[in-house]
C-alpha cells in the first residue's frame with residue numbers, strides 16, 4: 001500500500017513539474033489588466049522574438065512571431081507602418097505582442113487590399129499598444145476573434161487603436177470567453193464602402209449563438225472597459241452573448257442611431273452597463289442610449305441588464321432612454337462579474353480621452369513616453385469639440401500615416417531587455433535571464449521591463465541618461481487629475497465563470513506623495529498604473 005502511495009505521489013509531482021507556467025499562473029496579464037481576460041498569461045516564460053523590420057513576412061517580421069509555436073513574446077526594434085498582404089492569423093496559443101517596445105512612433109498595421117488585419121483563433125493572447133487601420137475591401141475587421149467550432153479564451157486587448165474596418169472594427173463571435181478589451185480607441189468604421197449590405201459603419205460586435213458552430217454554448221464572460229467609441233454608425237457596442245458581460249466606463253461619440261445594444265438571443269444574457277458616457281455628434285439622429293433586442297425570430301430569451309451611473313446622450317442619465325421589445329429586462333442587482341476600478345461617467349470620459357489607444361511607448365530605461373498619433377489625436381479632439389463625421393473612406397480624413405521608425409534599444413544578449421535597463425537594475429546584459437523573476441512577484445524580468453515596473457532591486461545607475469526616442473507626429477499629453485475610484489479589485493484575483501462583483505468600497509492609496517507633476521511622479525515614485533486613469537504614485541521598492 002505504501003509503495004503504491006509513493007508511486008502515485010511521484011506521478012503527481014512529475015505532473016506538476018510538467019504543467020507549463022501558463023497553466024498555473026494567477027498573476028495578472030500586466031499591471032492594470034482588468035475584467036474577464038485579466039489573468040491571461042500570453043507569452044510569459046517563453047521565447048523572445050525580435051521584430052527587426054517592417055516586412056510582411058520572413059525572418060525578423062511580426063508575422064514570424066505571430067505564426068511561431070510555443071510561448072513567445074514579440075518585441076520591436078523598429079517603428080513604422082507594416083502593410084500586410086494577408087491577415088496576421090494567431091492560431092498558436094501563448095503569445096504577447098508588446099507594441100509598447102517599438103521605438104519612434106510605434107507600430108501601425110494596414111491591409112493592402114481589404115481583409116482583416118488580425119484574426120485571433122486561439123487562447124492566451126495579449127495584444128498591447130498596436131495601431132491597426134484596415135481600409136476598403138470586402139467585409140473586413142481590424143481584429144476578428146472567432147473560429148467556428150473552436151473555443152477561444154483568455155484574450156486581452158489593451159491600448160489598441162482600431163479603425164477603418166468595413167463590417168466592424170472589432171468582431172467577437174462563435175465561442176469566446178474570458179475576454180477583455182480595455183483602454184482602446186475603436187473609431188471611424190467605414191460606412192458606404194465595400195459591404196454587401198451597403199452602408200454599414202459598426203464599432204464592436206460581441207456575440208455567438210448556442211448552436212453547433214459554438215459547441216452549443218455561445219460566447220460569455222466579456223469585459224469592455226474604458227474604451228473610446230467614436231464615429232461608428234452603430235454597435236458601440238452590441239452584445240449578443242450567452243452569459244455575463246460588463247460594459248464599464250466607456251465613452252461613445254457620434255453614432256448615427258442608438259448608441260449601444262443588447263440582444264437576448266439565447267437563454268442567459270446578463271450585462272452590467274455601468275458609468276458609461278454618451279455624447280451626440282454632427283451625425284447623431286437619436287437620443288436612445290441602449291436598445292434591447294429580441295432574437296431574429298422575435299423571441300426575447302431570458303436575461304437581464306443592470307444599468308447604473310451612465311451619462312446619457314440627452315445630457316442626463318439613461319433613465320427613460322430604453323427602447324426595443326425586451327425593455328422589461330432591467331434589474332436592480334448586477335450580474336456577478338470581476339470587480340474593476342470604476343469612476344463616475346464624466347471623470348471616466350476625461351480619463352479615456354487622455355489615455356485610450358496606442359498612446360505610449362517604453363523607453364530603453366523602462367520609463368514611459370507619450371506618442372499618440374495624429375489620427376487618434378484628431379478623433380479625440382472631435383469628441384472634445386463636437387466635430388468630425390462618420391466616413392466612407394480613409395481618404396476622407398487624409399489616409400494612413402507612417403510612424404517614425406525611431407532607434408531600437410541595444411540588447412546584446414537578445415533577451416528582450418535593453419542593455420541600459422539591465423545595467424540600471426544590476427542584471428548582466430550578456431546573460432539571457434528574461435524568464436527569471438528577480439523579485440518573485442509572478443512577472444518575469446522581461447515583463448517588468450516592458451510593463452515599466454520595478455524588477456526588484458536598487459537602481460545601480462540612477463543618473464543614467466537613456467537614448468532619446470522621438471515619436472512623430474508629436475502630441476502634447478496632459479495626465480488627468482488624480483481621481484478616486486469607487487470600486488476595488490484584488491491585485492491577483494482568481495477569475496471563475498461567476499466571480500463576485502464588488503463596486504462599493506473606495507480605493508484609498510496607502511502612500512500618496514506630494515507635488516505630483518501632471519505627467520509623472522516625483523523621483524523615487526512611479527505611477528501605479530501607467531497611462532490608466534489611476535494617477536496615484538507608489539514608492540519604488
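Here, each number is a calculation from the coordinates, and none is a lab measurement. Everything quoted here is computed from the prediction, not taken from an experiment. Using ideal geometry, Cβ is built from the backbone for each residue, glycine included, and neighbour counts are taken over all protein chains shown.
Summary table below
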item: Gap separating the Cα centres of segment 436-458 and segment 346-411, nearest whole Å; result: 28 Å
item: Within segment 388-410, backbone nitrogen closer than 17 Å to the virtual label 7 Å beyond the Cα of residue 192 toward Cβ; result: 389-397
item: Kirkwood hydrodynamic radius over Cα pairs of segment 76-139, then Stokes diffusion coefficient at 25 °C and 0.890 mPa s, in µm²/s; result: 197 µm²/s
item: Zone of residue 317's modelled label, taken as backbone nitrogen in segment 342-357 under 20 Å from a point 7 Å along Cα→Cβ; result: 342-350
item: For segment 191-289, convex hull of alpha carbons as volume per residue, Å³; result: 101 Å³
item: Two-site label geometry, residue 402 and residue 52: point separation in nm, points 7 Å out along Cα→Cβ; result: 2.2 nm
item: Rounded, prolate or oblate (a/c below 1.5 giving rounded, otherwise prolate when a/b exceeds b/c) for segment 17-355 by Cα gyration tensor; result: prolate
item: Stokes-Einstein D (µm²/s) once Rh is taken as the Kirkwood radius of segment 288-350 over alpha-carbon pairs, at 37 °C in 0.692 mPa s; result: 244 µm²/s
item: Three semi-axes of the equivalent ellipsoid, segment 58-200, Cα gyration tensor, whole Å, largest first; result: 22, 19, 14
item: Cα centroid separation, segment 201-234 to segment 35-112 (Å); result: 24 Å
item: Net lengthening on full extension, residue 148/residue 287 (0.36 nm per residue, minus Cα-Cα); result: 46.4 nm
item: Distance from segment 121-174 to segment 286-339 (C-alpha centre basis), Å; result: 25 Å
